[in-house]
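Written below as structure tokens is the structure these notes are about.
The values are calculated or read from the model by the stated rules, or taken from the named source; none is laboratory data. It should be emphasised that the depicted structure is a prediction, and the values quoted were computed from it without experimental measurement. A quick note on method: Cβ atoms are made from the backbone with ideal geometry, for glycine too, and the neighbour counts reach across all protein chains shown.
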Amino acid sequence: MPVFGIGTWRMGESGRKRAQELDAIRHALDLGYPMIDTAEMYGDGGAEEIVGEAIAGRPGRPFIVSKVYPHNATRAGTVAACERSLKRLGIERIDLYLLHWRGGARLEETYEAFHRLRAAGKIADFGVSNFDRQDMEDAARLDKGLTGSNQVLYCLSRRGPEFDLLPWMRKRQMPLMAYSPLDQGALLGKAAVNKLAGELGCTAAQLALAWVLAQPGVVTIPKSATRARVKENLGALDVKLTPQVLAELDRAFPPPRGKQALEML
Ligand code: NAP
């Protein structure tokens, strides 16, 4: 799985913003973003349609991640939801198909459908989202530890997963996909982030993303519908954080000392 991609939450919700959103995704692809994260929930299918339009006719399409709503995640409902997503995306196979959060249908049913979809070639792999450590234990029992990924809220200002979820996943070589890596923009106003970014000669967003990327076993999907920011965010891949900078960030944003229930947006 690629380590970096563009997120699409809040895209596809308004006709007025559509052209800008489409342009941002196309720009990301032109710059070499290797992955796009979307979901049937985003814009009620509107985000998947924009992604479909952005990737149409391009050679070598990016790795596509999409998600099924929990209330659709029954045995038959998951298959039907996936078919709808494939149609909106205009592709034959989703690379990674996730259960958006736990609830709704029984996990056994969702997994049965995931296996069926994979056997039919409609998804290459599957996984979950917003699953805490205990949820992962349950999922692994159903799937003999084969779950492809778990997409969760993880960034400098929300480090809870480091206590037990991330180590559990690392042990199984399962990548954690960090969503809201900029804490939806909130991190960009933090004094420590701005000070260190200034010293390093990068932007606050690049520093926040570089920190996520510096965590072993973690990949991330910042969202932007603004051309310049799409380029800026990709620049995070070139920012190297020294042990001193990482230590300063630990002081400003301390790692968890005990179990924290997984936060969710
Ligand atoms: P995020 O990526 O942390 O932040 C996005 C926000 O920051 C947007 O308002 C964006 O504005 C702004 N932004 C982006 N780059 C910036 C930059 N360089 N400088 C200043 N502002 C910048 O938050 P997110 O969208 O919540 O998370 C990323 C993706 O993760 C989502 O889009 C979605 O694909 C996924 N996600 C998944 C779940 C889940 O439950 N599985 C939940 C939340 C998110 P502009 O667009 O105007 O540039």
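Couple of notes before you dig in:
- Test set (1) more than 30 Å from ARG141 (Cβ to Cβ); (2) in contact (Cβ under 8 Å) with a residue 24 or more places away in the chain - GLN151 fails condition number: (1)
- No other residue among PHE126, PHE114 is within 17 Å of the chain's Cα centre (by Cα), free of Cβ contacts under 8 Å to residues at least 60 places away in the same chain and under 27 Å from GLU53 (Cα atoms) apart from PHE126.
- Members of the stretch 163-212 that are farther than 19 Å from ALA252 by Cβ and of a type in the set (A, V, I, L, M, F, W, C): LEU165, LEU166, TRP168, MET169, MET174, LEU176, MET177
- Taking the conditions (1) within 13 Å of the ligand (Cβ to nearest atom); (2) under 15 Å from ILE91 (Cβ atoms); (3) in contact with a strand residue (DSSP E or B) (Cβ under 9 Å, 6 or more places away or on another chain) in turn, MET41 satisfies each one other than (2).
- Any hit, the stretch 27-35, residues being free of Cβ contacts under 8 Å to residues at least 60 places away in the same chain and more than 17 Å from the chain's Cα centre (by Cα): yes
- If the condition is being closer than 27 Å to MET1 by Cα and over 20 Å from the mean Cα position of the chain (by Cα), then the stretch 186-203 contributes CYS202, THR203.
- Total residues in the stretch 215-239 satisfying the condition of being farther than 23 Å from SER66 by Cα and of a type in the set (Val, Ile, Thr): the figure is 1.
- Filter pass, GLY77 being away from the ligand (no atom under 14 Å from the Cβ) and at positive phi: no
- Entirely in the stretch 147-265, the helices (runs of 4 or more DSSP H) that have 1 or more residues that are surrounded by 20 or more Cβ atoms within 10 Å (Cβ to Cβ) and within 16 Å of the ligand (Cβ to nearest atom): 165-171, 191-200, 204-213, 227-234
- GLU40 fulfils the conditions (1) more than 30 Å from PRO216 (Cβ to Cβ); (2) in contact (Cβ under 8 Å) with a residue 12 or more places away in the chain; (3) out of contact with any Asp or Glu (no Cβ under 9 Å at 6 or more places or on another chain) except for a single criterion, (3).
- Enumerated helices (runs of 4 or more DSSP H) restricted to the stretch 31-128, each holding at least 2 residues that are crowded, with 24+ Cβ neighbours inside 10 Å and among the charged types (D, E, K, R): none
- Tally of residues being free of Cβ contacts under 8 Å to residues at least 40 places away in the same chain and among the hydroxyl-bearing types (Ser, Thr, Tyr) across the stretch 221-265: 1
- Taken residue by residue, the stretch 53-67 has no member that is out of contact with any helix residue (DSSP H, G or I) (no Cβ under 8 Å at 6 or more places or on another chain), more than 10 Å from the ligand (Cβ to nearest atom), in contact (Cβ under 8 Å) with a residue 40 or more places away in the chain and within 26 Å of GLU109 (Cβ to Cβ).
- If the condition is being part of a loop (DSSP other than H, G, I, E, B) and at pLDDT below 95, then the stretch 131-146 contributes LYS144, GLY145, LEU146.
- Among the residues of the stretch 1-22, those identified as crowded, with 16+ Cβ neighbours inside 10 Å, within 12 Å of the ligand (Cβ to nearest atom) and at negative phi are PHE4, GLY5, ILE6, GLY7, THR8, TRP9, MET11, LYS17, GLU21.
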